[in-house]
Amino acid sequence: MNWIKYPLLPIALFGTFGGLVLAASCETEHGRCVDNFVCVDTKFTNCSGEKFVCSDVKGCEY
Amino acid sequence: MSERNRLKVSKYNHILKLNCTRINSSIVFNALTCALIELNDIYVSSLHLTKPGNKLSKKILNEKGYKDIVEQLTYGGFLLNQNFDELSFLRYLSNSSRYSSKAISLTILPTLRCNFKCIYCYEDHPNQTMTPDVEEKLVEIIQKRLESGSSSLFIEWYGGEPLLCLDIVERLSKRFIAFSKKYNIPFSAGMVTNGYLLNRKVINLLKELNIKRFQITLDGPPNVHNERRKLYSNGRKTFDKILENISLASEESIAVVLRINADKTNFNTLDELLNILNDYKFNEKNVSPYLGFVKATTTACRDRIEYCFSEEEFAMNNADFIRKLFDYGFKNYSFPSPSYHLCGAVTDGVYAISPNGDLFKCWETVSIPEERVGNILDNKPRSEDQINLLKWMTYDPFKINKCKKCNIFPICFGGCPSASVKHISGKIFRDVSCNTYKHNIYLNKMMEIVYSKYLRGDFKKEEEAKKERLSKDILNKEESKDKSTANSDNAQEDIKDKSSQDLEN
C-alpha cells in the first residue's frame, strides 16, 4: 500500500482535541493551509467552489 | 478485536482500477477524509472495500500482513468502527463550522459599477458607490466583532469592478491592517477583478494592502475573449491588456486564479488560450487557470441559457481540461477537499456588503435589492430581510434524501444552496445541481492525475519548493518593512485617470 494523499480530515483526531478546528486542514484549487496551520472557516464562495481561511495568514499558500 | 471494535467499510470509498503501469493495483479515494492510496487488488477484494458498510471478519484480520494495512486504512477513513456514523460526524463538523466560527469573512463591494460589459454577467450595474457613512459603519461593526473575540479577518473585494474605487479599497484596508495589529489577528484579502485597471503601481499598492490573490478572467484566445468581455464605454478589446497585467501581478508575487468561463461557444477554443499562457510561462508561475461553469442564473443573463453546458457536459469537458492543464505543467488541480464547511451563503456571519450597505448572503444576488438580508445602517431589522436570512440559514442538505445516500456527499454537501432556497424576487434561476465530482469521469480523471503526479515525484518537489518559499518569505518580510508606502498617491492618480476615461467616454 502506498500513500498518495494523506487524509485531510483524520477521523482518528476527532474527539482527541474536541473536534473541528484541530482536526481539519484544507487544500483547494485556490489555496491551502500548509504545515501545521489548519482551516478554520469558509470565506465567501462563488461558483468556482469552496475557498478557505487558514487559522493564520502565514499558513495560507496560494 | 472485541465485537465492539469491529470494523466496517466506509460508505465513501471510490476505487479506480489501474490498467496501465501497475496491473494488480487500484487507487482508492475516500470522499470523507479525501485520503488517496494505491492498494494491491488482493486487499481491495479481500477487505471488500467496494461494499459500503460491510463488516470485516475477525478471521481476515489475523491473516499475515493484514494488521498494518488495516491500521493504515483506518487512519485514512477507508475502514472505521462499525458503530461510527459517518453522516452524524459530517453533521457535527458542518454545524460547528457553520454556526460557531470565530473568523470574520466578508465580501465588500465598493461599487456596483463596472468598466466591462460581459455578455453573460449575472449582475445589473447601477451607478452605486460606497458612501462614507457605510464605510464607517462597516469599520465599526468589524471592530465590535474583533472586540468580542473574532480570531481572524478575511476580505474579498468584489463588485462591479472594485478597482474603480481603489480609494475606498485603500482606506478600508488601512483600517483593517490597523485592527490586525491592535487585536493581533491575521488579516488577508483577495480581489475579484477584471484586471484591466491594474498596473505595477496599483499592484504594489494592493500588495501593501495585504491582497494576496486576484481572480481574473480570460475567456479564450484574443478573438473569442474580446467578443465576450468588452469595455463598457466603447466596446474596445481587453485581452492584451489583461494578459500583460496578469504577467505583472505574477512578477510581483501576487497569485492569480485565472477563471475561464466556459460554455458551448468558447470551449473548443481553449487549446489556443492554453498555448498563449504557456508562451508566457504562466505554468512556472503562481497563475492557476480553472474552468468556470457559466449558468444562466439571473434575469440579467437568462438569455444565455441555450449556450450553457449541462452538468454532465461540463464535467466531461472539465475532465479533459484539467488533464491538459496537467500536461502543460500547471501545478494547480482541483483535488477535492472536505467541504463540510458549506458555502458562505449559508454560514453564520458571512455577508456580501453592497455599496449602499445592503447585506446579501449570495454573490449572485448582490444587485437584486429584494434579496437582501439586511442593511448595516438599519437600526431595526425588517421582517422581509429576516425572512430572507432565515431561508439561507435553515438550508439543510442533510434533509435532501438523494444527498444523504450519495457517495460524494462529503465533498459536495448538496451543491449550490441557492438552488434549494426560495427566492422571493423571482429573479434567480438556479436548478438543483450536483458537484462536478458526481460525474465519475471527472473524479476518476482527478484521481489519475494526482496518481501521475505522485509517480512523477511532484509531491516531494512541492515540499522542497514550499520550504524554500517559506525561507524567502521571511527574508522578504524583513526587507519590505524598510520600504515606504509612497506608491499610494501615484497609484490612485493612475486609476482615476484611466477609469474616468473609460467610464465617461
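Within the set of pairs 6+ apart or on separate chains, which have a first residue in segment B:283-312 that is within 17 Å of B:Lys117 (Cβ to Cβ) and buried (at least 20 other Cβ atoms within 10 Å of the Cβ), a second that is among the acidic types (Asp, Glu) and modelled with pLDDT of 85 or more, and C-beta atoms under 9 Å apart?
B:Val294/B:Asp263
Could you list, in sequence order, the residues of segment B:342-366 that are of a type in the set (Asp, Glu) and surrounded by 23 or more Cβ atoms within 10 Å (Cβ to Cβ)? Lay out the reasoning, then the answer.
Just the residues of segment B:342-366 that are of a type in the set (Asp, Glu), to begin with: B:348, B:358, B:364.
Those that are of a type in the set (Asp, Glu) and surrounded by 23 or more Cβ atoms within 10 Å (Cβ to Cβ): B:Asp358, B:Glu364.
Considering only residues that are among the aliphatic types (A, V, I, L, M), over 20 Å from B:Tyr12 (Cα atoms) and modelled with pLDDT of 85 or more, which ones fall in segment B:385-424? Even if it seems obvious, please write down each step before you answer.
First, pick out the residues of segment B:385-424 that are among the aliphatic types (A, V, I, L, M): B:387, B:389-390, B:393, B:400, B:408, B:411, B:419, B:421, B:424.
Now narrow it down to the ones that are over 20 Å from B:Tyr12 (Cα atoms): B:387, B:389-390, B:393, B:419, B:421, B:424.
Selection gives B:Ile387, B:Leu389, B:Leu390, B:Met393.
Within segment B:103-145, can you find the residues that are within 14 Å of chain A (Cβ to nearest Cβ), touching an Asp or Glu at 6+ places or on another chain (Cβ under 8 Å) and either surrounded by fewer than 16 Cβ atoms within 10 Å (Cβ to Cβ) or not in a loop (DSSP other than H, G, I, E, B) (or both)?
Those that are within 14 Å of chain A (Cβ to nearest Cβ), touching an Asp or Glu at 6+ places or on another chain (Cβ under 8 Å) and either surrounded by fewer than 16 Cβ atoms within 10 Å (Cβ to Cβ) or not in a loop (DSSP other than H, G, I, E, B) (or both): B:Ala103, B:Ser105, B:Leu106, B:Thr107, B:Ile108.
Could you run through segment B:247-270 and say how many residues are more than 27 Å from B:Asn210 (Cβ to Cβ), over 21 Å from the mean Cα position of the chain (by Cα) and assigned to a loop (DSSP other than H, G, I, E, B)?
Within segment B:247-270, residues that are more than 27 Å from B:Asn210 (Cβ to Cβ), over 21 Å from the mean Cα position of the chain (by Cα) and assigned to a loop (DSSP other than H, G, I, E, B) number 3.
Going by the conditions given, is B:Glu71 in a helix (DSSP H, G or I), closer than 30 Å to B:Ile185 by Cα and either acidic (Asp, Glu) or out of contact with any Leu (no Cβ under 8 Å at 6 or more places or on another chain) (or both)?
Against the criterion (in a helix (DSSP H, G or I), closer than 30 Å to B:Ile185 by Cα and either acidic (Asp, Glu) or out of contact with any Leu (no Cβ under 8 Å at 6 or more places or on another chain) (or both)), B:Glu71 does not qualify.
Considering only residues of segment B:151-209 that are of a type in the set (Val, Ile, Thr) and touching a Lys or Arg at 6+ places or on another chain (Cβ under 9 Å), which is nearest to B:Thr111 (Cα to Cα)? Spell out the reasoning first.
Let us first name the residues in segment B:151-209 that are of a type in the set (Val, Ile, Thr), namely B:155, B:168-169, B:177, B:185, B:192-193, B:202-203.
Imposing the further condition that a residue be touching a Lys or Arg at 6+ places or on another chain (Cβ under 9 Å) reduces the set to B:155, B:192.
Numbers: B:Ile155: 15, B:Val192: 13 Å.
Result: B:Val192.
Identify the single condition in (1) surrounded by 18 or more Cβ atoms within 10 Å (Cβ to Cβ); (2) touching a Leu at 6+ places or on another chain (Cβ under 7 Å); (3) not in a loop (DSSP other than H, G, I, E, B) that B:Gly77 does not satisfy, given that it satisfies every other one.
So the condition that B:Gly77 fails would be (3).
Matching residues to (1) closer than 23 Å to B:Gly292 by Cβ; (2) of a type in the set (A, V, I, L, M); (3) out of contact with any Gly (no Cβ under 9 Å at 6 or more places or on another chain); (4) within 14 Å of chain A (Cβ to nearest Cβ):
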{"position": "B:Ala178", "(1), (2), (3), (4)": "no, yes, yes, no"}
{"position": "B:Ala189", "(1), (2), (3), (4)": "yes, yes, yes, yes"}
{"position": "B:Leu209", "(1), (2), (3), (4)": "no, yes, yes, yes"}
{"position": "B:Gln215", "(1), (2), (3), (4)": "yes, no, no, yes"}
{"position": "B:Thr238", "(1), (2), (3), (4)": "yes, no, no, no"}
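When B:Ser97 is evaluated against the numbered criteria (1) more than 21 Å from the chain's Cα centre (by Cα); (2) not in a strand (DSSP E or B), which criterion, by number, is the only one it fails?
In the conditions (1) more than 21 Å from the chain's Cα centre (by Cα); (2) not in a strand (DSSP E or B), B:Ser97 misses (1) alone.
The values are calculated or read from the model by the stated rules, or taken from the named source; none is laboratory data. If you're wondering where the values come from, they're calculated on a predicted model, not measured in any experiment. Note: ideal-geometry Cβ built from the backbone for every residue, glycine included; neighbour counts use all protein chains shown.
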